[in-house]
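What follows is calculated from the coordinates using simple rules that are stated; it is not laboratory data. In this text the structure is predicted, and so the values were computed from the model without any measurement. When we count neighbours, we look across all protein chains shown, and the Cβ atoms used for this are built from the backbone with ideal geometry, even at glycine.
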Amino acid sequence: MNELETDDHLVLAATPLRLGFLGVGWIGRHRMKAILDTNLAQAVAIADPSAEMVREAQALAPGAEVVEGLDALLARDIDGIVIATPSARHAEQAIQALQAGVSVFCQKPLGRSATEVKNVIHAAKAADRLLHVDFSYRQTAGLARIRDIIRSGELGQIFAADLTFHNAYGPDKPWFYNKSLSGGGCVMDLGVHIVDMALWCLDFPAVTSVSSQLMAGGRPLDPGSGEVEDYAVATVTLANGTVLRLACSWRLQAGQDAVIEASFFGTNGGASMRNVNGSFYDFRSERFYGTSREILAEPPDEWGGRAASAWAMHLARSKAYDPTCETILQVTETIDGIYSAQQDLKSESTLTYRQEPL
């Protein structure tokens, strides 16, 4: 039997979870390995249009059956599915799986709009099945430590936060640059992470206003052009008075591979997580007191697969609907607000959340 340690007690799983994997590119395979390493699950079937990706996935799960697509995956007797496909497919694929009674772990973004995300959440609730999204930066030791400090009140009233995600390369797959497939550019790809990091650390206060400017190729983005943004800045004001300053980009002349930062400033101190030497994976977190600082967390920290393994651990305990997934909607509504605000640069976009109950 497999053992699963929880906060309260030890749960014994008589049989491994049976999982399907839809999309086994680098991210899909990385999450597969993290899940299989828990020893709580087995890969029953995998599907991907790339024969090369399938071969590499089979090296991790040699016993997995290779099938043609989502319908074939759902025809197998599986408890859950891991979705790592192009963004345009996420919502419809998640809904189909949930309606089939299968729990879902999906790459971000769950949907290209708040409407798509709301439909997925409704499907999860109706099916009473577990739904999680891979907001992986929540799993870093440094950000988790910062969140704990903020929630303890040690920093006083948080009045400002600055979050940045610059990727000096940009995606290497053409669908990222097709708005109908991706839903947007760097805001949808990277901005979704920093919006989630900010709201998660602050316990998801309501958003009252958003202003933004999006650019493509060094020019203001024309919303009707069909282009996607490669640089974006936004100011988000929260109901508690906190102001978020957000910036993200692809192919910025940043002098290093990436610039990733989440800094929070309170009346009694501050805290920040920053990537080390341009790394996408290594972070140092510090707490600030005036002009002094102390280290909270440093590399190494193997955080990349923790969200996936946490989903598997949760699923081993219960496949039932988890209402914490509803915070995904607020993240997506904020992303919608950033896109809406840039369409009229002379005015702000005022957002109201949850006008209708989920």
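Relative to one another, the C-alpha centroids of the stretch 274-341 and the stretch 196-250 are positioned 18 Å apart.
Taking label points 7 Å from Cα along the Cα-to-Cβ direction, F159 and D172 give a separation of 4.6 nm.
Quick check on the stretch 185-330: take the gyration tensor over C-alpha atoms, sort the square-rooted eigenvalues as a ≥ b ≥ c, and tell me if it's rounded (a/c under 1.5), prolate or oblate.
On the way: a/c = 1.35, a/b = 1.15, b/c = 1.18.
The shape class here is rounded.
Taking 45 Å as R0, compute the FRET efficiency from the Cβ-Cβ separation of Q256 and A100 and round it to 0.05.
Efficiency computed from Cβ-Cβ geometry: 0.50.
Distance from the Cα centroid of the stretch 161-191 to that of the stretch 90-136 is 21 Å (rounded to whole angstrom). On the basis of the beta-carbon distance and an R0 of 30 Å, Q58 and E294 show a calculated FRET efficiency of 0.05.
Relative to the present Cα-Cα distance, how much length would full extension add between T324 and L181 at 0.36 nm per residue of separation?
That pair, T324 and L181, stretches by 48.8 nm at full extension.
With the simple model of a label 7 Å out from the Cα in the direction of the Cβ, D128 to N240 spans 3.4 nm.
Taking Cα atoms of the stretch 26-85, Rg/Rh with Kirkwood Rh, to two decimals? Walk me through the numbers on the way to the answer.
Details: Rg = 10.6 Å, Rh = 11.7 Å.
When Rh is taken as the Kirkwood radius, the ratio is 0.91.
Angle, helix 327-342 long axis vs. longest principal axis of the chain, Cα atoms, 0 to 90°, nearest 10? Helix 327-342 sits at roughly 50 degrees to that axis.
When Lys and Arg each count +1 and Asp and Glu each count -1, what net charge do the other residues less than 11 Å away from A258, Cβ to Cβ, add up to? The answer is -2.
Here the translational diffusion coefficient of the chain follows from Stokes-Einstein with Rh set to the Kirkwood radius across Cα pairs; for 20 °C and 1.002 mPa s it amounts to 102 µm²/s. Distances between placed amide hydrogens fall under 5 Å for A297 paired with S285, all partners being 5 or more residues away or on another chain. With R₀ set to 35 Å, the beta-carbon distance separating R76 from N268 gives a calculated FRET efficiency near 0.05. Calculation over all alpha carbon pairs of the stretch 73-182 in 5 angstrom steps from 0 returns a P(r) of 2, 11, 15, 17, 14, 14, 14, 9, 3, 1, 0 percent. Helical content alone sets the calculated 222 nm signal of the chain at -9000 deg cm²/dmol, taking -39,500 (n - 2.57) per DSSP H segment of four or more residues and averaging over every residue. Taken along the Cα-to-beta-carbon direction at a fixed 7 Å, the label points for R317 and D203 span 2.1 nm.
Which of the pairs K125/K179; K33/K319; K108/K173; K173/K319; K33/K118; K108/K179 have their Cα atoms more than 27 Å apart in this structure? Intermediate values should be presented prior to the final figure.
Numbers: K125/K179 29 Å; K33/K319 21 Å; K108/K173 16 Å; K173/K319 34 Å; K33/K118 30 Å; K108/K179 15 Å.
Where the Cα-Cα span goes over 27 Å, the pairs concerned are K125/K179; K173/K319; K33/K118.
Axis angle, to the nearest 10 degrees, between helix 26-36 and the longest C-alpha principal axis of the chain: 60 degrees. When restricted to Cα atoms, the stretch 237-280 yields an Rg and a Dmax of 13.4, 37 Å, respectively.
To the nearest ten degrees, helix 114-127 and the longest principal axis of the Cα atoms of the chain are 40 degrees apart.
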